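Structure first, commentary second.
Readers should treat all values here as calculations from the given coordinates under stated rules, not as data from a laboratory. Predicted, not measured: the structure shown is a model, and the values here were computed from it. Every residue, glycine as well, gets a Cβ built from its backbone with ideal geometry; the counts of neighbours run over all protein chains shown.
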């Protein structure tokens, strides 16, 4: 924050005035800049949500908007729009193809999930927040914090164990493909033709990690092939 505002709250009011409505709060125009008169404005929560480092702006048909605003304009779910663009759909197809949820339904679904998550994890989140700020926790808050840490540790252990088990299954399937020559020739022909492993996996209906193992073994045996 600039020194002028730090020295005097009156200076802040003089420069920025009062918020136009109760729904407006202070927002930085440039998220990487400072809180100073030239870089601040009053904005609604929706405007602030569209002005973050994570917001991806897309220019189409001479108009630039965030994914959320495009989704709202065409009344489709923003998650569906993001996924379609990630998969390589063009903008027109992404916006005009009906989705499972429209914009308002998805927004309500997110709010519902958020309320449920906060009801289940709110105390843990509050305790973590206080811990990060270096504030002292009450006995109840410390218990919630410890429960959250234990839950994360168990979840990490379960994820690690599942990853190990899946890797063993992938290696077993890759060995079967190598031994029985099942799909091996097709996988390697596509690989030699420059097809990405993700597309090979989709074409052969073989997990991508298994395809990668087959290719890795082939590269190990023939490292100097042309």
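Some notes on this structure:
- Angle in degrees between helix 103-132 and the longest Cα principal axis of the chain, rounded to the nearest 10: 80
- Average Cα contact separation per residue, the range 40-177, under 8 Å, 6 or more apart, as relative contact order %: 12
- Under the criterion of Cα pairs below 8 Å and six or more residues apart, the relative contact order for the range 3-49 equals 32 percent.
- Between the Cα long axis of helix 208-221 and the first principal axis of the chain there is an angle of about 50°, rounded to the nearest 10.
- Over the chain, the reciprocal of the mean inverse Cα-Cα separation, the Kirkwood hydrodynamic radius, stands at 23.6 Å.
- Exposure proxy order (Cβ contacts within 10 Å, fewest to most) of 94, 38: 38, 94
- Computed FRET value (nearest 0.05) for residue 36 with residue 60, which takes r as the C-beta separation and R₀ as 25 Å: 0.15
- GNM flexibility winner over the chain from 65, 208, 149 (Cα, springs under 10 Å): 208
- Neighbour-count ranking [beta-carbon atoms within 10 angstrom, fewest first] of 107, 213: 107, 213
- Least to most buried among 91, 153, 101 (fewest other Cβ within 10 Å first): 153, 91, 101
- Here the relative contact order of the range 73-145, from alpha carbon pairs under 8 Å that lie six or more residues apart, stands at 27 percent.
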